1. Among residues belonging to region 12-29 that are over 19 Å from I130 (Cβ atoms), touching a residue at least 12 places away in the same chain (Cβ under 8 Å) and not in a loop (DSSP other than H, G, I, E, B), point out the one that is least open to solvent (accessible area, probe 1.4 Å).
2. Got a sec? Which of T50, T73, T15 is more than 16 Å from the chain's Cα centre (by Cα) and closer than 27 Å to K91 by Cα?
3. Can you pull out every residue in region 45-70 that is open to solvent by 30 Å² or more (accessible area, probe 1.4 Å) and either without any contact (Cβ under 8 Å) to a residue 12 or more places away in the chain or outside any loop (DSSP other than H, G, I, E, B) (or both)?
4. If a residue must be modelled with pLDDT of 80 or more and in a loop (DSSP other than H, G, I, E, B), how many such residues does region 85-100 contain?
5. Filter region 32-44 down to the residues that are of a type outside the set (S, T, Y) and assigned to a strand (DSSP E or B) and list them by number.
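The values are calculated or read from the model by the stated rules, or taken from the named source; none is laboratory data. This one's a predicted model, so the numbers in the text were calculated from it and none came from an experiment. With ideal geometry, Cβ positions are generated from the backbone for all residues, glycine too; neighbour counts draw on all protein chains shown. Just so you know, the surface numbers come from the protein's heavy atoms only, side chains and all, with ligands and any DNA or RNA stripped out. Shrake-Rupley method; radii C 1.70, N 1.55, O 1.52, S 1.80 Å.
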Amino acid sequence: MPEIEQTTELPAMLTRISRDLASDKKIILDFPNKPVQFYARPSALTRAFTNIIENAAHYAKTTLKISEQDSDTFTTIIIEDDGPGIPDDKKNAALQPFVRLDDSRNDKTGGTGLGLSIAQTAIENHGGQIFLENSELGGLRVRVVLPL
């Protein structure tokens, strides 16, 4: 049965996910005083942001930053880390299913290469887009743009 869209606000969800998955990291949260509310499938977005934040927590040396920027037509969520990042020539591949950029990961250490692909599908199913960029923190910056 498909999930029913509900009024959704992202800061509480993102705060909970980051605290659950990155409790050993410094977490910087930057949300508007009055974040936008929009219709979405909260379980699907939770899965998408869990995958993104889990990757950020795994690769971050010490710090994750999560922020929200709202406009009249879009909300933009930015998740950044201070890890090694992804080379520009591998960013598109990182969003493809079953692609694992970290050769040290195997069946015993986890990682199927589906996390970012699943996140991208969920974001696109909400009419949004996901972008992999370089972070000012030195690692990866994942920018998610969702329509309101």
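1. Result: T15.
2. Details: T50 fails: more than 16 Å from the chain's Cα centre (by Cα); T15 fails: more than 16 Å from the chain's Cα centre (by Cα).
Answer to the check: T73.
3. Of all residues in region 45-70, those open to solvent by 30 Å² or more (accessible area, probe 1.4 Å) come to 46-47, 54-55, 58-59, 61-62, 65, 69-70.
Hits for region 45-70 are T46, R47, E54, N55, H58, Y59, K65, Q69, D70.
4. So the answer is 3.
5. So in region 32-44, the residues of a type outside the set (S, T, Y) come out as 32-38, 40-42, 44.
Matches in region 32-44: F38, A40.
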